[in-house]
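Step one of this worksheet: look at the structure below.
The values are calculated or read from the model by the stated rules, or taken from the named source; none is laboratory data. This is a predicted model, so every value here is computed, not measured. Here the Cβ positions follow ideal geometry from the backbone for every residue, glycine too, while neighbour counts run over all protein chains shown.
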Amino acid sequence: MTRRKLAAGNWKMNGLKAALAEAKTLAAEHPAPNCDVLLCPPATLVAAMAAALEGTAVKTGGQDCHAAASGAHTGDVSAEMLADAGAAAVIVGHSERRADHGEDDAAVAAKAMAAWRAGLVAVICVGETEAQRDAGETLTVIGDQIAGSIPPGATAENTVVAYEPVWAIGAGRTPTLPQIAEVHDFMRDELVKKMAEAAEGVRLLYGGSVKPGNAAEIFAVSNVDGGLVGGASLKAADFGGIVAAAGA
């Protein structure tokens, strides 16, 4: 089946109010892209970005959420708060959250369910470390993360799955196209086991040093339905090239 590509940008812990100009420029230069476009700024900018992009083709998302709707969780942000601020989606289980904050598959699954509860699309991340790849454990790790991180109830409408080889993120390194294809085809097969026919509609993103120069060839790989982009999403000139590749 034909799945509409998604170009998703993760600003990570970058961006002050002045950076909203980049988001506005992106939206102005791509008023009707032939793909879906999502920008996930830090929590401090979600409301301002959503307001700035209202009426454009570019949607706003969060980078993380707490599993609870509210409560005594100082410093955390709930999925409901993100939705109230204008977000349409939220990233959960990013490798940096798993590594820096000790989030396991169960925590990621709880956050995905929180996203659905608030009406957000959950962008659920999976990926192996360099040591795991070198040990030949890539598919085992990905299979376990898909099994543990994607809760029952996942649909093509509420879930996107992003593969991010941890060793490639921010390192300027990219797996070979056959390596990307192997993992994405495997992920599709695992989702079919989990979701049956509904799995065919779930978009699978590749994340890990995606740039304007390599986006087109990556997006042409089997079962790659777009990208989860880090550093290259911070500037409209860079991310615009990736959006164009996704819409080609």
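Could you tell me how many of the residues in the range 20-74 are in a loop (DSSP other than H, G, I, E, B), more than 23 Å from Gly241 (Cα to Cα) and of a type in the set (A, V, I, L, M, F, W, C)? Before you say what the answer is, go through the steps one by one.
To start, the set of residues in the range 20-74 that are in a loop (DSSP other than H, G, I, E, B) comprises 30-35, 41-42, 53-57, 63-65, 67-74.
Of the ones still in play, those that are also more than 23 Å from Gly241 (Cα to Cα) are 64-65, 67-74.
In the following step, the residues that additionally are of a type in the set (A, V, I, L, M, F, W, C) were identified as 65, 67-69, 72.
Counting residues in the range 20-74 that are in a loop (DSSP other than H, G, I, E, B), more than 23 Å from Gly241 (Cα to Cα) and of a type in the set (A, V, I, L, M, F, W, C) gives 5.
For residues that are part of a loop (DSSP other than H, G, I, E, B) and either aliphatic (A, V, I, L, M) or free of Cβ contacts under 8 Å to residues at least 12 places away in the same chain (or both), scanning just the range 80-95, find the one that is surrounded by the fewest Cβ atoms within 10 Å (Cβ to Cβ). Give the derivation first.
In the first step, residues of the range 80-95 are kept if they are part of a loop (DSSP other than H, G, I, E, B); the result is 86-88, 93-94.
Those still in the list that are either aliphatic (A, V, I, L, M) or free of Cβ contacts under 8 Å to residues at least 12 places away in the same chain (or both) too: 87-88.
Working: Ala87: 30, Ala88: 16.
If we take residues in the range 80-95 being part of a loop (DSSP other than H, G, I, E, B) and either aliphatic (A, V, I, L, M) or free of Cβ contacts under 8 Å to residues at least 12 places away in the same chain (or both), then Ala88 is surrounded by the fewest Cβ atoms within 10 Å (Cβ to Cβ).
I'm trying to understand the selection: among the residues of the range 1-19, which are assigned to a loop (DSSP other than H, G, I, E, B), free of Cβ contacts under 8 Å to residues at least 40 places away in the same chain and among the hydrophobic types (A, V, I, L, M, F, W, C)?
Applying the first criterion (assigned to a loop (DSSP other than H, G, I, E, B)) to the range 1-19 yields 1-5, 11-16.
If we keep only those that are free of Cβ contacts under 8 Å to residues at least 40 places away in the same chain as well, we get 2, 13, 16.
Residues satisfying the conditions are Met13, Leu16.
Only one of (1) under 30 Å from Ala28 (Cα atoms); (2) surrounded by fewer than 21 Cβ atoms within 10 Å (Cβ to Cβ); (3) not small (Gly, Ala, Ser) fails for Cys125. Which number is that?
Result: Cys125 passes all but (2).
Does the range 164-177 contain any residue that is surrounded by fewer than 23 Cβ atoms within 10 Å (Cβ to Cβ), modelled with pLDDT of 95 or more and in contact with a Leu (Cβ under 9 Å, 6 or more places away or on another chain)?
Checking the range 164-177: not a single residue is surrounded by fewer than 23 Cβ atoms within 10 Å (Cβ to Cβ), modelled with pLDDT of 95 or more and in contact with a Leu (Cβ under 9 Å, 6 or more places away or on another chain).
Looking at Val243, Val221, Val202, which is the one that is buried (at least 16 other Cβ atoms within 10 Å of the Cβ) and under 24 Å from Ala112 (Cα atoms)?
One residue alone meets the criteria, Val202.
Just one of Val58, Val77 is closer than 21 Å to Gly227 by Cα and of a type outside the set (Asp, Glu); which is it?
Result of the check over Val58, Val77: Val58.
Among the numbered conditions (1) out of contact with any Phe, Trp or Tyr (no Cβ under 7 Å at 6 or more places or on another chain); (2) closer than 21 Å to Leu38 by Cα; (3) among the hydrophobic types (A, V, I, L, M, F, W, C); (4) surrounded by 21 or more Cβ atoms within 10 Å (Cβ to Cβ), tell me where Leu191 comes up short.
In the conditions (1) out of contact with any Phe, Trp or Tyr (no Cβ under 7 Å at 6 or more places or on another chain); (2) closer than 21 Å to Leu38 by Cα; (3) among the hydrophobic types (A, V, I, L, M, F, W, C); (4) surrounded by 21 or more Cβ atoms within 10 Å (Cβ to Cβ), Leu191 misses (2) alone.
How many residues are more than 18 Å from the chain's Cα centre (by Cα) and either among the polar types (S, T, N, Q) or assigned to a helix (DSSP H, G or I) (or both) when one looks only at the range 110-138?
Filtering the range 110-138 for residues more than 18 Å from the chain's Cα centre (by Cα) gives 117, 130-138.
Adding the requirement that they be either among the polar types (S, T, N, Q) or assigned to a helix (DSSP H, G or I) (or both) leaves 117, 130-134, 138.
Matching residues across the range 110-138 total 7.
Among the residues of the range 72-79, are any in contact with a Ser or Thr (Cβ under 7 Å, 6 or more places away or on another chain) and crowded, with 18+ Cβ neighbours inside 10 Å?
The initial filter retains those residues of the range 72-79 that are in contact with a Ser or Thr (Cβ under 7 Å, 6 or more places away or on another chain), namely 78.
Applying the additional criterion that residues be crowded, with 18+ Cβ neighbours inside 10 Å yields 78.
Yes: the range 72-79 contains one or more residues that are in contact with a Ser or Thr (Cβ under 7 Å, 6 or more places away or on another chain) and crowded, with 18+ Cβ neighbours inside 10 Å.
Considering the range 158-168 alone, what residues qualify as being within 13 Å of the chain's Cα centre (by Cα) and of a type in the set (Val, Ile, Thr)?
Thr159, Val160, Val161
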